[in-house]
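Colleague: Once you've had a glance at the structure underneath, I'll fire off some questions.
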Amino acid sequence: MRATLIAGNWKMNGSLASNAGLLDGVRAGAAAVKAELAVCVPAPYLAQAQAALAGSAVSWGAQDLSAHDSGAYTGEVSAAMLGDFGCKFVIVGHSERRSYHVETDEQVAQKAVRALASGLTPIVCVGETLAEREQGATDAVVIRQLAPVLDAVGAQLGKIVIAYEPVWAIGTGKTATPEMAQQVHELIRNTLAQRDAAAAQKVQILYGGSMKPDNAKDLLSMPDIDGGLIGGASLKAADFLAIAQAA
Ligand code: PEP
């Protein structure tokens, strides 16, 4: 039985002042929630998240990391640095990074490996664009995105989390139906099982894309949907907790 994970992706939102209430609200509500909770905050606020959430049931993490260990990579943040701030999770390969920062499948795989090497759990995002879905290419895209990650993590497959995030559903208010999402989650699990059947049963596969309190229950009731990666709705503690309560 896989535990449910509800992870927030704050994206580039927040301030020291506004985060304080949000972090306190999530911390206060966590006791009433069975699902595991995590928030992935902008890097400058990791110390604030660590201070606010230490000792609570809520984990925290980052939204990206460098594919390199250390050195002359101005502006980048390494896995070890995230570890210094107590991060448990780091998102890798979010579609906004793939599209605005031209991250390749191979770079995403390297980032996942760096995360694992520092004891972090990478949340590896995959998902098709609207054009790719309309061309019937969803399965091929997801399999292509996963392949280098699975090659790179090898025997550590059981230590990663995957998020299926159809790009057309992110921040648009359009959600994949539970059946559409389940179909891709099953494909992902079968793809993992071809590498390691036992690990495939262990890996949490999250859905992301306009998950909200009113659609979370139906999505989370599908057999291969093990949680959610929540963007917009993670910016309000009440909505984020309501999603977790639906699990
Ligand atoms: C995301 O950015 O990972 C996401 C799922 O965003 P939203 O929930 O706003 O669609």
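Colleague: In the stretch 204-219, what count of residues is obtained for those that are in a helix (DSSP H, G or I) and either away from the ligand (no atom under 14 Å from the Cβ) or open to solvent by less than 80 Å² (accessible area, probe 1.4 Å) (or both)?
Modeller: First pass over the stretch 204-219, keeping only residues in a helix (DSSP H, G or I): 213-219.
Those still in the list that are either away from the ligand (no atom under 14 Å from the Cβ) or open to solvent by less than 80 Å² (accessible area, probe 1.4 Å) (or both) too: 213, 215-219.
Total meeting the criteria: 6.
Colleague: I've got another one for you. Within the stretch 81-90, does at least one residue satisfy the condition of being touching an Asp or Glu at 6+ places or on another chain (Cβ under 8 Å) and either under 21 Å from A38 (Cβ atoms) or within 14 Å of the ligand (Cβ to nearest atom) (or both)?
Modeller: Yes, the stretch 81-90 contains at least one residue that is touching an Asp or Glu at 6+ places or on another chain (Cβ under 8 Å) and either under 21 Å from A38 (Cβ atoms) or within 14 Å of the ligand (Cβ to nearest atom) (or both).
Colleague: Is it the case that A237 is within 18 Å of A30 (Cα to Cα), within 17 Å of the chain's Cα centre (by Cα) and open to solvent by 10 Å² or more (accessible area, probe 1.4 Å)?
Modeller: Details: within 18 Å of A30 (Cα to Cα): yes; within 17 Å of the chain's Cα centre (by Cα): no; open to solvent by 10 Å² or more (accessible area, probe 1.4 Å): yes.
It is false that A237 is within 18 Å of A30 (Cα to Cα), within 17 Å of the chain's Cα centre (by Cα) and open to solvent by 10 Å² or more (accessible area, probe 1.4 Å).
Colleague: Checking the conditions here, which among A131, A115 is open to solvent by 20 Å² or more (accessible area, probe 1.4 Å) and either away from the ligand (no atom under 16 Å from the Cβ) or assigned to a helix (DSSP H, G or I) (or both)?
Modeller: Working: A115 fails: open to solvent by 20 Å² or more (accessible area, probe 1.4 Å).
Going through A131, A115 in turn, just one is open to solvent by 20 Å² or more (accessible area, probe 1.4 Å) and either away from the ligand (no atom under 16 Å from the Cβ) or assigned to a helix (DSSP H, G or I) (or both): A131.
Colleague: Between a first residue in the stretch 103-115 that is hydroxyl-bearing (S, T, Y) and a second residue that is part of a helix (DSSP H, G or I), which pairs have beta carbons less than 9 Å apart while being 6 or more apart in sequence or on different chains?
Modeller: These pairs meet every condition: T104/R98; T104/P148.
Colleague: Output yes when any residue across the stretch 113-128 is among the aliphatic types (A, V, I, L, M) and over 21 Å from D226 (Cβ atoms), and no when none is.
Modeller: Taking the stretch 113-128 as the starting set, the residues that turn out to be among the aliphatic types (A, V, I, L, M) are 113, 115-117, 120, 123-124, 126.
With over 21 Å from D226 (Cβ atoms) added as a condition, the list becomes 113, 117.
Scanning the stretch 113-128, I find at least one residue that is among the aliphatic types (A, V, I, L, M) and over 21 Å from D226 (Cβ atoms), so the answer is yes.
Colleague: Just give me the residues in the stretch 84-112 being in a strand (DSSP E or B) and of a type in the set (F, W, Y), in sequence order. First the steps, then the outcome.
Modeller: Start the filter on the stretch 84-112 by keeping residues that are in a strand (DSSP E or B), which leaves 89-92.
The answer is F89, and nothing else.
Colleague: Working only within the stretch 58-112, note down all residues that are open to solvent by 60 Å² or more (accessible area, probe 1.4 Å), farther than 21 Å from V141 by Cβ and of a type in the set (S, T, Y).
Modeller: Answer for the stretch 58-112, where residues must be open to solvent by 60 Å² or more (accessible area, probe 1.4 Å), farther than 21 Å from V141 by Cβ and of a type in the set (S, T, Y): S70, Y73, T74.
Colleague: Looking only at the stretch 229-244, how many residues end up being within 7 Å of the ligand (Cβ to nearest atom) and farther than 15 Å from G14 by Cβ?
Modeller: Going residue by residue through the stretch 229-244, those that are within 7 Å of the ligand (Cβ to nearest atom) are 229-233.
Those left that are additionally farther than 15 Å from G14 by Cβ: 229.
Count: 1.
Colleague: Could you count how many residues in the stretch 19-41 are in contact with a helix residue (DSSP H, G or I) (Cβ under 9 Å, 6 or more places away or on another chain) and over 23 Å from P223 (Cα atoms)?
Modeller: The number of residues fulfilling the criteria is 16.
The values are calculated or read from the model by the stated rules, or taken from the named source; none is laboratory data. Predicted, not measured: the structure shown is a model, and the values here were computed from it. Cβ sites come from the backbone with ideal geometry, for glycine too, and all protein chains shown count toward neighbours. We work out accessible area using only protein heavy atoms, side chains counted, and drop any ligands, DNA or RNA first. Shrake-Rupley method; radii C 1.70, N 1.55, O 1.52, S 1.80 Å.
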